[in-house]
Amino acid sequence: MAKLFILSAPSGTGKSTIAGKLLQQLEGIRRVVTVTTREPRPGEKPGVDYIFLTKEEFEKGIEEGRFLEYANVYGNYYGTPRDQVERNLEEGYDSLLVIDVQGAFKVKRIYPDAVSVFLLPPSLEELKRRMIGRGYRDKNAQVRLETAKGEIPCAKRFDYIIINDFVDKAVDQLKSVILASRCERDSTLRNLRNLLKSEEILSLIEGGECYVKEA
Ligand code: ADP
Ligand code: 5GP
């Protein structure tokens, strides 16, 4: 039972940094490479960081229903390719989806079992420092900072909240969320026959009765 994990945060908080490190450390999970019409930043690789499309190509993709969700963020289209998410789920790989808050809510509506994680910056000053450090000009950073003030309260509607003060700590916490979710009771019980070979244990779980009576 592959799972879908959604990592969301205001731009500049550290989603890509945390996701990149996590994927180096954890097996069985693939990042969903999302689609954008914005220009690649220096060092960004097509097909790795994003699938870069023209506005016309993107709009054709919308018409063809290729996106699970899409949004216009800071003047460019961003979208989640439906086929990658479906393929990962079919092939038994967890998916890590790194998207903005509106996208996170849309995906959660389509996949209510998806596990949503909100990454919080330790402070607005630090968020601005990270944006500028990444190369945004001051004006661009200011717009994103104002947007962040509307996004941060959305943290309350996510399943988990992780504070990204230190990269390694945040990666460990995200890893813990994923590892714990993989043992979540209901999905483990649904998938038990694939996980466990012992017929004795299986029949005890499936047909047995817990000896502790309800209080
Ligand atoms: P996002 O994907 O959320 O837009 P990035 O991962 O691109 O953010 O990170 C934005 C900037 O902040 C990058 O320069 C990155 O190196 C830096 N950064 C990320 N996490 C931390 C952290 N815990 N401490 C200091 N700098 C960080
Ligand atoms: P950036 O231009 O900084 O890479 O991304 C801007 C914002 O768009 C980030 O918050 C990023 O997570 C978000 N984003 C990236 N891909 C998608 C997507 O497919 N859908 C949505 N809704 N947001 C996305």
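The values are calculated or read from the model by the stated rules, or taken from the named source; none is laboratory data. Worth saying up front: this structure is predicted, and the values here are computed from it rather than measured. Note that each Cβ is placed from the backbone with ideal geometry, even for glycine, and that neighbours are counted across all protein chains shown.
Considering (1) of a type in the set (S, T, N, Q); (2) closer than 28 Å to Q24 by Cα; (3) at pLDDT 95 or above, the lone condition that S198 does not fulfil carries the number (2). Cβ-Cβ distances below 6 Å connect no pair with a first residue in the range 68-96 that is on the phi > 0 side of the Ramachandran plot and surrounded by 19 or more Cβ atoms within 10 Å (Cβ to Cβ), a second residue that is of a type in the set (K, R) and part of a helix (DSSP H, G or I), and a separation of six or more residues or different chains. All told, A104 meets the bar of being near ligand 2 (Cβ under 8 Å from one of its atoms), crowded, with 16+ Cβ neighbours inside 10 Å and part of a helix (DSSP H, G or I).
If you filter the range 16-55 down to residues that are in contact (Cβ under 8 Å) with a residue 60 or more places away in the chain and in a strand (DSSP E or B), you find that the one that is nearest to L179 (Cα to Cα) is I29. So how many residues does the range 71-109 have that are over 20 Å from F52 (Cα atoms) and of a type in the set (D, E)? Final tally of qualifying residues: 4. As for the range 46-62, it holds at least one residue that is within 12 Å of ligand 1 (Cβ to nearest atom) and either within 17 Å of V117 (Cβ to Cβ) or charged (D, E, K, R) (or both). Taken together, Y70, Y78 contain a single residue that is more than 16 Å from ligand 1 (Cβ to nearest atom) and in a strand (DSSP E or B), which is Y70. Taking the range 107-120 as the region of interest, how many residues are in contact with a Lys or Arg (Cβ under 9 Å, 6 or more places away or on another chain), assigned to a strand (DSSP E or B) and either within 13 Å of ligand 1 (Cβ to nearest atom) or among the acidic types (D, E) (or both)? Residues in the range 107-120 being in contact with a Lys or Arg (Cβ under 9 Å, 6 or more places away or on another chain), assigned to a strand (DSSP E or B) and either within 13 Å of ligand 1 (Cβ to nearest atom) or among the acidic types (D, E) (or both): 2 in total. Selection of helices (runs of 4 or more DSSP H) fully inside the range 126-215 by the criterion of at least 3 residues being in contact with a Lys or Arg (Cβ under 7 Å, 6 or more places away or on another chain) and free of Cβ contacts under 8 Å to residues at least 24 places away in the same chain returns nothing.
Looking at the range 10-51, which of the residues that are of a type in the set (K, R) and at pLDDT 95 or above is farthest from the chain's Cα centre (by Cα)? Checking each candidate, the answer is K21.
Of all residues in the range 194-215, those satisfying the criterion of being within 23 Å of L89 (Cα to Cα) and surrounded by 10 or more Cβ atoms within 10 Å (Cβ to Cβ) are L195, L196.
Looking across the range 26-51 at every residue that is over 29 Å from Q173 (Cα atoms) and surrounded by 14 or more Cβ atoms within 10 Å (Cβ to Cβ), the one that is nearest to ligand 2 (Cβ to nearest atom) is identified as R38. Take the conditions β-branched (V, I, T), surrounded by fewer than 11 Cβ atoms within 10 Å (Cβ to Cβ) and either farther than 21 Å from I161 by Cα or modelled with pLDDT of 95 or more (or both) and apply them to T54. Does it pass? When the stated conditions are applied, T54 passes them.
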